[in-house]
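One structure is given here, and the rest of the page talks about it.
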C-alpha cells in the first residue's frame, strides 16, 4: 500500500505546489492550492517515513524529491504569465510523468511478494546484473548479510542470450528472515537489472484409477502395447504403418534430452535408443525420468515392453540430464543450467516434465534459457502442471517460447489434475492418465500426470525434426495445432496431438 501512496501523494504535492505559485495573485485559488500542497506533503512525508528502507536511503530520496519540487515550482512561477508556454510545459511534464516518472516513483520502494513455495537453501536468488559481473555497489550488502554471490550459469555461446548476466545469491540462515529487505536493496542498487527467486521444484504424481481400453496394434510387436491407450489415441500404430509402407528414412538422427531424475540407461527397452552424455545421468533412483524416456523414445518392435512413436534409433535417440535429486527435487537454477547443457550438446528437443507454481514476473531466466536453446536449434517442451489451475502461474510452462503440454484422460477430456493452457502462447494436449512406460530395474509401470503427456509431444517433435531439422518452435506448434484433434475441452487444454497427421505435413 505504501509503495502506491508514496508516488500518488508526491505527484499531488507537485501539482499543488505548481498551481499554488501559478495562482499566487488569486487569493481564493491560491489558498486552495496551498491546502492541496500541504495536505499532500504531509501524506508524502508519512509514506516516506514508514516505507521499508534504510534511513540514509530515505534521506537521499527526500533530497531528490525536494529538489525536483523546488526546480519545477520556480520554473512554473517564472513562466506563469505566458499561458501558452505554461500549457506546453504542463503537457510535457505530465507526459514524462505518465510514461516514465510514475514508474520510477512507484519502484522507489518496491513491494516484494514471496509465495509459499520453498526456495533453494543454498542460493535463494537469481539476479540479472548489467554486465554479468558482481557490481561494486553490492559490496556493502554482501558484507552486511554475509551473502554468497557467484555466476549462475555457464554456456558455450554467451552471445545467444542474456544468461551470462545472471548471478546467484546465497543468503545464510541468520539472514533469511531479511530476504524481502535484501531484495528491495538489490533492486535499488546500481548494476541490478532484475531479481527473481530460485524456487524449489518437486515432482507431483497424481493418482487416477480409470479403466483403460485395450489396444489392438497391428504394426508393432511389443507385448505391453495393448495397455498403451495413449499411444493409440495419438495415432501411434498409424505412424508405424506409414513408416513401414513408405520406407522413408530420416535426414538426421534427432536427439531428445530428458531433464529429470536421470534415466536407467541399462533398461532393456531403452538401451538401444539411449546415448550417454555423462555416467552421472545414466541412473534413476526415482523412476520418473526413466518413465518419461520410455514414452518419448522406447525401442519399438523389439518384442519387449512398450512401443513409442519412434520406429528405430536411426530416427531419434534419447539422452538424460539429471536436474532433480534422489528425492525428486531441484530448483530453477539447476533446471536452466540443464537446458543450457542440453542445447550445447546438440539436443533437438528438450523435454521438461517438471515445474512449480510461480508468477509471470519470475520467468526472465527461464525465457532466456529457452531463447538460448532455440538459437542452438532445440525445441523446449514442458509440462503444464498438475494443480488443476491456469498454467500461466506455473513455471517453466509459462516461459516465453516453450510448448506447454496439458494432460487428457481416457475420454480425451481434460484430466482432473491437469492445469489449463488457454493463456499460454504455444500449448497442446496429450494423454496423461494411466500411461504405461519403462521403469528402473527392468520394470514397467503406469503413471499419471502432465509429466507423461509431455514426452509424448517431445517424441513426436523428435520425429518431425528427424525429417526437417530446421523446424522452429513456431513452425512445430503450427503443425501440431493445425493437425491436432478438437477434444471436449480443447479450448482450455489445447488440441490433442495427432502424430501421423503431423508427420504427413512434414513429409509433404
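Tabulated values for the structure
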item: For peptides 177-186, 375-384, sequence by mean Cβ density within 10 Å, most packed first; result: 375-384, 177-186
item: Structure-derived semi-axes √(5λ) of the Cα gyration tensor in Å - corresponding label in (1) 38, 32, 23; (2) 55, 24, 19; (3) 44, 27, 20; result: (2)
item: Residues residue 38 and residue 137, FRET efficiency given R0 of 41 Å [Cβ-Cβ distance, rounded to 0.05]; result: 0.65
item: Full-stretch length increase - residue 275, residue 474 - with 0.36 nm per residue and alpha-carbon distance subtracted; result: 68.9 nm
item: The stretch 252-277 residues near the modelled residue 313 label - backbone nitrogen below 18 Å, point 7 Å along Cα→Cβ; result: 252-258, 263-277
item: Length released on extending from residue 75 to residue 245, taking residue separation times 0.36 nm less the Cα-Cα span; result: 52.9 nm
item: Computed helical MRE - 222 nm, the chain, DSSP H runs ≥ 4 contributing -39500 (n - 2.57), nearest 500; result: -12000 deg cm²/dmol
item: Proxy reagent accessibility, fewest Cβ within 10 Å first, across 46, 315; result: 46, 315
item: FRET efficiency estimate (nearest 0.05) - Cβ-Cβ, residue 31 to residue 158, R0 56 angstrom; result: 0.35
item: Theoretical FRET efficiency, 1/(1+(r/R0)^6), r = Cβ-Cβ of residue 173 and residue 325, R0 35 Å, to 0.05; result: 0.95
item: Segments 253-262, 213-222 sorted - mean Cβ within 10 Å per residue, highest first; result: 253-262, 213-222
item: Rounded to 5, the percent of DSSP beta bridges in the chain classed as antiparallel; result: 50
item: Gain upon complete extension [residue 205, residue 121; 0.36 nm per residue less C-alpha separation]; result: 27.9 nm
item: Beta bridge orientation in the stretch 223-507: antiparallel %, DSSP, nearest 5; result: 25
item: Over the stretch 223-507: Kirkwood hydrodynamic radius from C-alpha pairwise inverse distances, Å; result: 17.9
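Values quoted throughout were computed directly from the atomic coordinates according to the rules given, and no laboratory measurement underlies them. None of the values given here were measured: they were computed from a predicted structure. Cβ coordinates were reconstructed from backbone atoms using ideal geometry, including for glycine residues, and neighbour counts include every protein chain displayed.
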